[in-house]
Number of protein chains: 2
Amino acid sequence: MTASLRDRPEGRSRDDMLEHAARLFAEKGYDAASMRDIAEEVAVRPSSLYHHFPSKERILFEICYGFQRDFNLEVLPELRADRSPEAAIRAAIRSEILFSNRRWSQVRVASRERRSLPRELQAPINALRRQYRDAMAATIERGCREGVFSVPDPKLAAMAVLDMISGLGHWFKPRDRSDLERMAARYGDAAVAMLRGWGAATAG
Amino acid sequence: MTASLRDRPEGRSRDDMLEHAARLFAEKGYDAASMRDIAEEVAVRPSSLYHHFPSKERILFEICYGFQRDFNLEVLPELRADRSPEAAIRAAIRSEILFSNRRWSQVRVASRERRSLPRELQAPINALRRQYRDAMAATIERGCREGVFSVPDPKLAAMAVLDMISGLGHWFKPRDRSDLERMAARYGDAAVAMLRGWGAATAG
DNA sequence: TTCCCGCACGAACGATCGTTAGGTTGACCG
DNA sequence: CGGTCAACCTAACGATCGTTCGTGCGGGAA
């Protein structure tokens with residue numbers, strides 16, 4: 001049946017450890033979740049974790065970096081230049097919302113516990129995040145050049161859209177798939193409305 | 001000169017302790033910042049902190065609750081009904097951005113470290129936050145009835161606007177006052193643009 | 001002056017933390 | 001069969017945590 005009897009009989013593989021750790025970090029916070037907590041969740045003694053990871057810090061890093069890497073692999077292509085800026089933004093937003101929903105725990109860990117990492121481990125993660133943000137800003141700027149968007153500052157607009165979506169990822173729990181898709185569509189609408197009218201909605 | 005010689009000669013009052021604690025909690029996180037860290041910052045021995053607060057948990061609560069209370073006191077009145085919905089939203093956003101900038105550390109602590117509190121201490125803080133969110137949603141709904149806004153769901157729109165602004169509060173560091181005011185105006189524009197066009201920007 | 005008490009102190013408590021050392025198991029390879 | 005090695009174990013290390021205890025000081029009241 002299974003490939004080998006040496007394989008973990010239950011969910012005790014390296015990836016399972018990362019997943020359980022992510023869930024605990026998301027629920028209790030990085031510092032409040034102990035190695036003993038993680039070990040108990042995986043049904044393993046604390047010392048056994050050190051056969052797979054050199055430190056607790058490294059576990060956090062792998063969760064954060066792995067998430068952001070997969071995130072960029074899945075979401076970034078949606079912003080490719082052969083799409084209209086509006087379609088690209090909508091697709092990216094939908095992809096981000098779907099992805100963030102699929103990896104619920106890791107979203108929270110990557111955004112809220114990243115600061116527990118030393119600077120040199122934060123850097124590669126921040127670089128990935130910046131890459132996505134720049135791509136979003138470039139798409140918005142393209143939309144402005146084509147006259148479909150109008151914003152005072154594309155980079156600022158990208159931050160606003162990203163904050164809006166990542167905020168959603170912190171509280172929105174869809175009932176089912178259609179609920180999720182509806183929310184993705186609505187947030188696409190919201191972002192497009194903002195990007196279209198921002199420049200014209202000057203106060204006073 | 002001073003009112004009394006019994007007063008703290010330097011910044012060692014109860015409020016100073018809360019302020020230093022907030023800064024440490026914001027920088028290192030609630031769990032990573034120890035009572036000894038706080039004591040050192042205030043130039044006091046750790047045990048002395050317990051003459052002012054019964055526990056570390058209580059310090060966190062007073063920071064979070066005090067912030068949200070002052071927040072509502074300052075920002076909520078901007079949403080009063082004798083203003084046009086658009087003006088109310090703009091004023092509230094400006095007020096929130098200014099207030100959050102003035103209380104930089106506490107914003108971060110109240111939003112990111114609140115979960116370290118037990119449920120019964122989170123409840124009153126959440127109630128205050130919900131009060132603000134409901135007021136924002138009511139203002140948006142009023143704007144829809146008056147025909148100036150168009151959104152599929154006022155509560156969802158309120159969450160989107162709030163997430164956008166609180167996201168800003170986590171990364172935006174203004175150079176000076178005019179920089180801050182310009183950002184407040186721009187985010188007001190962004191929110192108004194979104195609330196106006198959301199309903200009309202349906203995809204497909 | 002004497003008493004009082006708010007406030008800060010030094011020292012230590014027990015608990016829990018991340019991590020390590022050393023031993024045991026058992027599937028695989030020659 | 002005997003050797004190898006990854007994986008897991010038990011036990012414990014030193015450090016640090018939040019917190020408590022008993023004491024000392026010093027200004028205001030009596």
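Every read-out reported here was derived from the displayed coordinates using simple, explicitly stated rules and does not represent laboratory data. Just so you know, these numbers come straight off a predicted model, no measurement behind them. In this analysis, Cβ positions are derived from the backbone assuming ideal geometry, glycine residues included, and neighbour counts consider all displayed protein chains.
Listed by chain and number, the aspartates and glutamates placed with their C-alpha closer than 19 angstrom to that of B:Lys56 are A:Asp31, B:Asp15, B:Asp16, B:Glu19, B:Glu27, B:Asp31, B:Asp37, B:Glu40, B:Glu41, B:Glu113, B:Glu120; residues fewer than eight positions away on the same chain are left out. To the nearest ten degrees, helix B:177-197 and the longest principal axis of the Cα atoms of chain B are 40 degrees apart.
For chain B, the dipole from Cβ point charges (+1 on Lys and Arg, -1 on Asp and Glu) about the Cα centre works out to 120 debye, to the nearest 20.
In chain B, the longest principal axis of the Cα atoms and the axis of helix B:56-75 are about 40 degrees apart. Given the C-alpha centroids of the range B:156-198 and the range A:142-176, what is the distance between them in whole angstrom? So the two Cα centres are separated by 12 Å.
For the protein assembly as shown, the 222 nm mean residue ellipticity estimated from helices alone, with every DSSP H stretch of n ≥ 4 adding -39500 (n - 2.57) and the total spread over all residues, rounds to -22500 deg cm²/dmol. Against chain A, whose longest principal axis comes from its Cα atoms, helix A:154-171 is set at around 50 degrees.
Counting only Cα atoms, the size of chain A along its three principal axes is 64, 40, 30 Å, in decreasing order.
Label point of B:Pro174 (7 Å along Cα→beta-carbon): distances to the other copies' equivalent points are 3.8 nm, sorted ascending. Equivalent-ellipsoid semi-axes for the protein assembly as shown (Cα gyration tensor, √(5λ), whole Å, largest first): 35, 33, 18.
In this Cβ point-charge picture (+1 for Lys and Arg, -1 for Asp and Glu), the protein assembly as shown has a dipole of about 120 debye about its Cα centre. Each Lys and Arg contributes +1 and each Asp and Glu -1, all at the Cβ; summed about the Cα centre of the range B:9-69, the dipole is approximately 160 debye.
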